């Protein structure tokens, strides 16, 4: 199991576009990806589930990745967060 | 002329009772069709700036009614109908996506990628299946799923995500239309140019509108996050949202839309109309003038009025950006982030691959300088095959030149590729994250080793290629006297320099204001580095975000900064600012 936490810096929080992209990335891995924020838990491969976290700017996204390709999934998703949720263009 | 106070009053007035909301102000006697109408004013939030003058056109939504569900319902048959409808919907959305890509732009077209994903979302599908299993027909199941998910989004109390309920509605309407046997929603068949008035518009409705006819958008509800707003901004069309309901009787009336002031004036007075037209013309002329005057600066040496030459370079992260940089008149590339190949591959790129990529960029720049920054990765910019340990504090960790000096073969492969590329134009090499003269000397030794190897191998390179470092640690700035003896140039990475100087993580939104307010210590460090390198006859550039801060251009000119390297969209504005400096 791999875990990491990412603090959302983007003004818009995790809105539909990054959530959609995140789900697309997560689906490339066989590992289970779960994302928690605000005391709620979402399936990282499902868009509506991710949107329902309502994760705004400043929210801490906690990723838990379990499965055979967890190592690579963890790195890819962490990089995804830095590129899409940090709030810098 | 009206005052903001009057408009606010009218706004309340219309919100209370829009039906009788005709204000008795000036009569309009010039146009036949507005003879009987009185002037009316509305106020809203201008979410896309600009002015427009034209007739109002009310957007009428085709009403979608679920078929009466009196007929017997067979779950298996309903499920098949629904699946077929979803398949058709997928095709329609793909078509809208293509249209949006062609008409509006990549970012805005993404809305339809989101639609496609929502349609395929397992949670959404699950809700639909459950509704059908509970004995509902396909139409009612769609309505049921919409209720569930729009409510969920609204309850998040997040303005952006709440606005996404409109996306769910859009998808549902599409499914209902398909279930009712309609093929594709009909594009609004209006003629002439107009200001479009609507309760709100779904993304599909917005895309299907003929954009060349729309002078502006006005919506009853909506927020700056609604699709109408997003699309209006992308299309550069003025838009006003949240004006409250407007009486449909005002359809076809002449109106003035001023999204900058947040006002809509229906049946304006003649004097008002004339003043508006003049203001609009002035504004249009100004915008055209600005673009034209900035374009005219391309190719002009960027010299301040005081005679100081500051080169304007571009920061790029891949070869594809070279063409854009040249089109906007970049004097060179001040920062080529050389990581791109390492990031896109699954294993270390070979010297040959790196050389080919750098050579292409160097020769595309046709003799203009290309400053190639060596690998700047670390725990915060992970590359899987580098196999770096996890760090608690990556910004202060094992990164950039620290990795390169610990893994010499990796570093030398890149240095050799850069040297070889230098034979094809004007390249320079720059080392990131330096803290001491000793580190620079170690890098130089490896650099010289590479040169010696290439000479032995009979491979060509530019023997006078410049060698420089990034000044992005306070240590490098403080030690710039010693370090400047070892290099040809400095390039200041202000993003890291600011975060290390202020001990403030730039990713932390709570510290954004602190960083914004404390540029002075960073500027003084830059000043120190500039004095040191100039004392040795070298040059200094700035490639961080501060380089594009037009409030600082004068200060940089005063320090004698030789080059500003900014992202491509900032090139023209910075050039213009340099020419204005004393």
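Which whole-number percent gives the relative contact order of chain A, counting Cα pairs below 8 Å spaced six or more residues apart?
Normalised by residue count, the contact order of chain A is 45 percent.
From other protein chains only, count the Cβ atoms within 10 Å of every residue's Cβ in A:47-57, then give the mean.
Mean number of neighbouring Cβ atoms from other chains: 6.
Binning every alpha carbon pair distance of chain B at 20 Å from zero, what are the percents per bin?
In whole percents, the pair-distance histogram is 17, 36, 33, 14, 1.
Over 44 Å, how big is the tail of the calculated P(r) for the protein assembly as shown, in percent of all Cα pairs?
Within the protein assembly as shown, distances greater than 44 Å cover 37 percent of Cα pairs.
To two decimal places, what compactness ratio does segment B:198-328 give when its Cα radius of gyration is scaled by 2.2 N^0.38 Å?
Rounded to two decimals, the normalised Rg is 1.48.
Whole angstrom only: what separates the Cα centroid of segment B:542-580 from the Cα centroid of segment B:512-527?
16
If one takes the longest principal axis of the Cα atoms in chain A, at what angle in degrees, from 0 to 90 and to the nearest 10, does the Cα axis of helix A:70-84 lie?
For helix A:70-84, the angle is close to 20 degrees.
What's the Cα-based Rg to Rh of segment B:347-407, Rh via Kirkwood?
1.07
Kindly work out what percent of the DSSP beta bridges joining two residues of the protein assembly as shown are antiparallel, to the nearest 5.
Of all bridge pairs located within the protein assembly as shown, approximately 45 percent are antiparallel.
To the nearest whole percent, what portion of all C-alpha pairs in segment B:300-580 is separated by more than 28 angstrom?
33
Would you please put B:518-525, B:416-423, A:29-36, B:281-288 in order of how densely packed they are, using the mean number of other Cβ atoms within 10 angstrom per residue and starting with the highest?
Result, highest mean Cβ count within 10 Å first: B:416-423, A:29-36, B:518-525, B:281-288.
Scaled to the compact-protein estimate 2.2 N^0.38 Å, what is the alpha-carbon radius of gyration of segment B:76-179, rounded to two decimal places?
Dividing the Cα radius of gyration by 2.2 N^0.38 Å gives 1.09.
Working only with C-alpha atoms, what are the Rg and Dmax values of chain A, expressed in angstrom?
Both quantities, over Cα of chain A: 11.5, 34 Å.
Using the eigenvalues of the Cα gyration tensor, what equivalent ellipsoid semi-axes result for segment B:232-272 when each is taken as the square root of five times the eigenvalue, whole Å, largest first?
Calculated on Cα positions only, the semi-axes equal 19, 14, 10 Å.
Just to confirm my numbers, what's the Cα centroid distance between segment B:352-431 and segment A:15-89 in Å?
Each part reduced to its Cα centre gives a spacing of 29 Å.
Normalized C-alpha radius of gyration of segment B:474-582, against 2.2 N^0.38 Å?
It is 1.06.
Viscosity 1.306 mPa s, temperature 10 °C: give me the Stokes-Einstein translational D for segment B:259-358 in µm²/s, with Rh taken as the Kirkwood radius over C-alpha pairs.
86
Hey, got the average number of other protein chain Cβ atoms within 10 angstrom for residues in B:158-168?
Per residue, the average neighbour count from other chains is 4.
Short version: what are the Cα gyration tensor semi-axes of segment A:15-67, square root of 5 times each eigenvalue, largest first, in whole Å?
17, 13, 8
Each reported figure results from applying straightforward, stated rules to the coordinates on display, with no laboratory input. Everything numeric in this text was worked out from a predicted model, so none of it was measured. Methodologically, a virtual Cβ is constructed for each residue, glycine included, from the backbone with ideal geometry; neighbour enumeration extends over all protein chains shown.
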